[in-house]
Structure formats: structure tokens, C-alpha cells
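This report concerns only the one structure given below.
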Amino acid sequence: ANCFDTTNYRFVPNVPGYYYLNAAVYFGSASTGQMYVYFYKNGSSYSRVEDYNGTSGDYRAFSMSMVIPMNGTTDYLEVYCRPSNQSLGFVSASLGTTLSGFLIRNT
């Protein structure tokens, strides 16, 4: 329903309800470390997942999914990723880093 804001890179649903949201992140590492993926709702951390298994020369992919209530007018969702050290790096988005969401129930 065109609810992804491509200017601000955020999911902005226009119908109030509960949304199933999924983010998948692909990254490569030059050293051992952790990668953190966050759902931010309205600019504040809402939930976080961590990958503990990054090793040197490895490529990893992991995803985060949850149901989040959204009011359909002012609520928005963003995804942020942060490595535990600067030697971990992100793989090109062309390999499939994604954010998807859909309405599962109106409120």
C-alpha cells in the first residue's frame, strides 16, 4: 500500500492495526564481533536482536521479526544496524538486506 517512505527510509503505515514486520541483514566480517539489529518505533529503540557468531572472513545473515501495533497516522518504524567493532562491515544491499511489513489485524 505504498507505506514505505523512500525519502526517510522508514515504514509509515496508513491504517491503524497490528503489523508483522521483518528485517533481514547481511554482513561480512574482517574480525570477530557482534552485529546488532534494532527496530526503532517513532525514533526510539523498540526491540533488538544480536548476532554473537561473527568470525573473521565470514559472511552472516540474520533476521528479526515481530508484531508491532501502529496507529496508522503518526507511527513509523525504522531499522538500524550497528557492529560491535569497526572491522565488521555490511554486505552490499544488492545481496538482499530487506525490511518488509504487512497488516495482520485492524484495531
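Read-outs throughout are calculated quantities, based only on the coordinates presented, and are distinct from any laboratory measurement. Note that this is a predicted model, so its numbers are computed, not measured.
Remarks
- Gain upon complete extension [Thr7, Ala24; 0.36 nm per residue less C-alpha separation]: 4.1 nm
- Gain in span if fully extended, Ile104 to Tyr59, counting 0.36 nm per residue against the direct Cα distance: 12.9 nm
- Couplings 3J(HN,Hα) of the range 7-12, computed from phi: 7, 9, 6, 8, 8, 10 Hz, in residue order, whole Hz [Karplus 6.51 cos²θ - 1.76 cosθ + 1.60, θ = phi - 60°; x for Gly and Pro].
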